[in-house]
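S.K.: My questions all concern the structure below.
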Amino acid sequence: MVTKQEQERRVRDYRARQAVHERRKRRQVRDSIVGGVAAAVVLFGGVGLLSITQPPAAPADETPAPSASEPAAESTVPGPELAEGRSWTGTLTIDGVALGVELDGEAAPQAVSAVLHDTQQDYYDGKSCHRLTTSEGFSVLQCGSLDGNGAGDPSYMYGPIENAPADDVYPEGTIAMARQSGNADSNGHQFFIVYGDTTIPSDAAGGYTVIGTVTSGLDELRDTVIAAGTEGGVPDGPPAEPVTIDDFVLQ
């Protein structure tokens with residue numbers, strides 16, 4: 001007998017495969033625009049990030065998404081039970097800056113389980129933070145893409161949106177998940193750190209899953225990584241200097 005949990009997992013896997021197939025079809029019609037970079041460019045839009053506006057162009061070395069005859073890799077996303085419905089504390093080290101973090105496995109069990117799984121697999125070690133926004137009221141650092149340029153992972157997509165703020169305000173210190181615009185089932189590896197109070201309007205799918213907070217080290221991150229700014233001084237783009245996740249540990 002198939003359990004409810006197994007049924008939900010199969011639905012997530014089916015949606016992930018379906019999303020990949022649809023993106024490939026769109027690319028074949030107009031390869032100048034990507035509806036979710038083979039591995040889904042995430043959250044805000046712009047330069048390969050969360051997607052809040054228009055999705056970015058695919059990087060030149062992008063790996064094509066599987067075709068209809070090539071099924072996507074089986075999802076490795078764990079079930080929400082891995083989070084155990086409790087708080088997880090640990091350290092996220094970025095460019096030598098140790099950030100104390102606390103993730104809420106009760107408020108966002110699916111997303112926290114996914115991030116916890118990634119830390120247990122050392123997925124984040126060596127990954128980059130590829131996007132920085134510096135506008136007043138929109139201050140985030142986004143990290144964790146598969147290729148370092150904003151691409152996602154078609155075998156690691158999940159939903160639903162959890163614990164999104166009703167007022168669209170993400171306070172300083174918030175850690176939330178990036179996703180494709182308008183797609184509630186496209187959370188993945190990428191997350192963003194809010195280093196200054198930020199408002200992100202909900203889209204057709206809703207807001208963005210808040211998984212926890214930075215409890216220490218944010219001032220140092222601002223004084224070093226954030227203060228270096230973006231390439232060309234633009235308000236939304238790659239950091240001026242490479243930014244790397246050294247380690248991410250939870251317990």
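The values are calculated or read from the model by the stated rules, or taken from the named source; none is laboratory data. Worth saying up front: this structure is predicted, and the values here are computed from it rather than measured. A quick note on method: Cβ atoms are made from the backbone with ideal geometry, for glycine too, and the neighbour counts reach across all protein chains shown.
S.K.: Could you tell me whether ALA98 is modelled with pLDDT of 95 or more, more than 22 Å from PRO242 (Cα to Cα) and touching a Ser or Thr at 6+ places or on another chain (Cβ under 7 Å)?
M.R.: Criteria not met by ALA98.
S.K.: Among the numbered criteria (1) in contact (Cβ under 8 Å) with a residue 12 or more places away in the chain; (2) more than 17 Å from the chain's Cα centre (by Cα), which one does THR198 miss?
M.R.: Every condition holds for THR198 apart from (2).
S.K.: For TYR208, which of the numbered conditions (1) touching a strand residue (DSSP E or B) at 6+ places or on another chain (Cβ under 6 Å); (2) over 23 Å from GLY85 (Cβ atoms); (3) of a type in the set (Ser, Thr, Tyr); (4) in a loop (DSSP other than H, G, I, E, B) fails to hold?
M.R.: If we test TYR208 against (1) touching a strand residue (DSSP E or B) at 6+ places or on another chain (Cβ under 6 Å); (2) over 23 Å from GLY85 (Cβ atoms); (3) of a type in the set (Ser, Thr, Tyr); (4) in a loop (DSSP other than H, G, I, E, B), just (2) comes out false.
S.K.: Identify all residues within the range 93-114 that are assigned to a helix (DSSP H, G or I), farther than 22 Å from THR198 by Cα and either in contact with a strand residue (DSSP E or B) (Cβ under 8 Å, 6 or more places away or on another chain) or touching a residue at least 40 places away in the same chain (Cβ under 8 Å) (or both); write none if there are none.
M.R.: Result: PRO109, GLN110, ALA114.
S.K.: Going by what's in this entry, would LEU132 be described as in a strand (DSSP E or B) and touching a Cys at 6+ places or on another chain (Cβ under 6 Å)?
M.R.: Considered against the rule, which asks whether it is in a strand (DSSP E or B) and touching a Cys at 6+ places or on another chain (Cβ under 6 Å), LEU132 comes out as no.
S.K.: Based on this model, can you work out whether ASP125 counts as within 26 Å of ASP223 (Cβ to Cβ) and either part of a loop (DSSP other than H, G, I, E, B) or not hydrophobic (A, V, I, L, M, F, W, C) (or both)?
M.R.: Spelling it out, ASP125 is indeed within 26 Å of ASP223 (Cβ to Cβ) and either part of a loop (DSSP other than H, G, I, E, B) or not hydrophobic (A, V, I, L, M, F, W, C) (or both).
S.K.: Can you find even one residue in the range 150-162 that is part of a strand (DSSP E or B) and buried (at least 18 other Cβ atoms within 10 Å of the Cβ)?
M.R.: Scanning the range 150-162, I find at least one residue that is part of a strand (DSSP E or B) and buried (at least 18 other Cβ atoms within 10 Å of the Cβ), so the answer is yes.
S.K.: Okay, moving on. For ARG131, all conditions in the list (1) surrounded by fewer than 24 Cβ atoms within 10 Å (Cβ to Cβ); (2) farther than 14 Å from VAL210 by Cα; (3) charged (D, E, K, R) hold save one; what is the number of the exception?
M.R.: Going through (1) surrounded by fewer than 24 Cβ atoms within 10 Å (Cβ to Cβ); (2) farther than 14 Å from VAL210 by Cα; (3) charged (D, E, K, R) one by one, ARG131 breaks only (1).
S.K.: How many residues are surrounded by 16 or more Cβ atoms within 10 Å (Cβ to Cβ) and among the polar types (S, T, N, Q) when one looks only at the range 200-243?
M.R.: Of the residues in the range 200-243, 3 are surrounded by 16 or more Cβ atoms within 10 Å (Cβ to Cβ) and among the polar types (S, T, N, Q).
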